[in-house]
Amino acid sequence: MKIAVDAMGGDHAPEVVIKGVEQARDQWPDLEFVLFGDLARVKPLVQSGTRLTFVQADSQITNEDEPVKAVRTKKDSSMVMAAQAVKQGDADALFSMGNTGALLATGIFIIGRIKGVERPALMPTLPTTDVSNVVNLLDAGANAESKASYLEQWAIMGSIYARDIRKIAQPRIGLLNNGTEFDKGDSLHQEVYQRLQANTALNFVGNIEAGNLLTNKADVIVTDGFTGNAVLKATEGMASLLMKQIKLALLNSGTRAKLGALMIKPALGQIKTKFSTSANGGAVLLGVNAPVIKTHGGSDEGAVVSTIGQIREMLQQQTIHQMIAFLKANPIK
């Protein structure tokens with residue numbers, strides 16, 4: 001199994017990317033990597049060239065670039081060249097920490113959509129109140145506007161992913177909505193509700209309110225891309241804010257509070273780890289012809305390793321091939 005790596009993507013590239021790739025390489029002997037980037041910066045960071053191939057990329061796509069324009073004009077960039085390697089069959093999957101919009105564009109325009117998928121969706125993995133479980137949310141921002149058929153396709157792909165990668169025999173599928181009753185929401189969400197309920201391939205459990213996103217009410221939650229992105233950013237922002245406020249309150253409330261802070265420090269560390277990007281892997285672009293996964297640009301090498309492990313599992317289980325086969329046999333329009 002060979003993974004194409006955009007070595008220049010992310011806030012701390014290429015250092016963090018190389019560290020993570022080498023740790024993953026050492027952990028999984030069945031993986032090979034093709035690293036695309038500025039080799040004058042990449043190669044000095046490499047401890048061992050075992051199962052690593054290097055390809056010079058003369059430019060990179062930054063977070064300031066307009067995504068679609070950058071993909072079309074920066075054909076010598078590390079991200080575009082990595083995507084081309086996947087398209088041409090020289091690699092099996094694409095990993096990047098770079099510009100999210102550009103990665104979506106490379107997945108759609110270079111690697112290509114699965115036949116029968118109208119619009120691919122971005123799917124992160126989030127923690128829940130059940131320490132043994134997580135939840136997948138899609139779409140988390142790939143599509144500003146959506147149709148009912150999109151959400152039904154995403155529900156199918158999310159269900160296959162949860163079954164194969166998370167080993168859930170009948171994943172619970174929920175619809176993010178502004179109430180739990182069947183007739184809640186606008187016309188789009190009402191139509192999606194009826195579609196998901198009627199689809200016998202899905203274990204649909206009904207509407208999920210935003211307040212219950214992380215309470216283990218469902219294994220996969222589908223929503224339109226605008227709402228999904230807003231909810232995701234609000235959830236991440238609130239988690240970060242709460243951790244900062246707890247820390248400030250403990251440090252600014254006298255000696256007894258500081259002593260208490262020392263006592264609960266391990267517990268707070270566990271909570272921080274649970275909500276970190278390293279713990280939950282990367283966001284998958286579902287709906288394209290190969291695994292395309294990114295992790296947050298500011299992540300550490302631990303997130304790189306966990307995301308590569310996610311890619312490896314998808315390749316082993318042939319998750320994308322199963323999605324292709326299902327949608328070919330059961331087209332959704």
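Quick grid of which residues meet (1) in contact with a strand residue (DSSP E or B) (Cβ under 6 Å, 6 or more places away or on another chain); (2) surrounded by fewer than 23 Cβ atoms within 10 Å (Cβ to Cβ):
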site: 93; (1), (2): yes, no
site: 98; (1), (2): yes, no
site: 106; (1), (2): no, no
site: 116; (1), (2): no, yes
site: 122; (1), (2): yes, no
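Taken over the stretch 95-123, the criterion of being over 27 Å from residue 330 (Cα atoms) and in a strand (DSSP E or B) is satisfied by 95, 96. Residue check: residue 85 meets all listed conditions (1) of a type in the set (A, V, I, L, M); (2) open to solvent by 70 Å² or more (accessible area, probe 1.4 Å); (3) within 18 Å of residue 292 (Cα to Cα) but one, namely (2).
If you go through the stretch 286-316, how many residues are closer than 21 Å to residue 83 by Cα, of a type outside the set (A, V, I, L, M) and touching a residue at least 60 places away in the same chain (Cβ under 8 Å)? Show your work before the answer.
Our first condition is that a residue be closer than 21 Å to residue 83 by Cα; within the stretch 286-316, this holds for 286-297, 303-316.
Now restrict to residues that are of a type outside the set (A, V, I, L, M): 287, 289, 291, 294-297, 306-307, 309-310, 312-313, 316.
From the residues that got through so far, the ones that are touching a residue at least 60 places away in the same chain (Cβ under 8 Å) too are 287, 289, 291, 294-297, 307, 309-310, 312-313, 316.
Of the residues in that region, 13 qualify.
In the set (1) surrounded by fewer than 24 Cβ atoms within 10 Å (Cβ to Cβ); (2) under 19 Å from the mean Cα position of the chain (by Cα), residue 145 fails one condition alone, (2). Considering only residues that are touching a helix residue (DSSP H, G or I) at 6+ places or on another chain (Cβ under 7 Å) and open to solvent by 10 Å² or more (accessible area, probe 1.4 Å), which ones fall in the stretch 292-308? Within the stretch 292-308, 294, 296, 300, 301, 302, 305, 306 meet the criteria. Of the strands (runs of 3 or more DSSP E) that lie entirely inside the stretch 137-242, those containing 2 or more residues that are not aliphatic (A, V, I, L, M) span 172-176, 203-208.
The values are calculated or read from the model by the stated rules, or taken from the named source; none is laboratory data. From a predicted model like this one, the values you see are computed outputs, not experimental measurements. Ideal geometry is used to build each Cβ from the backbone, glycine not excepted, and the neighbour counts take in all protein chains shown. Accessible surface areas use protein heavy atoms only, side chains included; no ligands, DNA or RNA. Shrake-Rupley method; radii C 1.70, N 1.55, O 1.52, S 1.80 Å.
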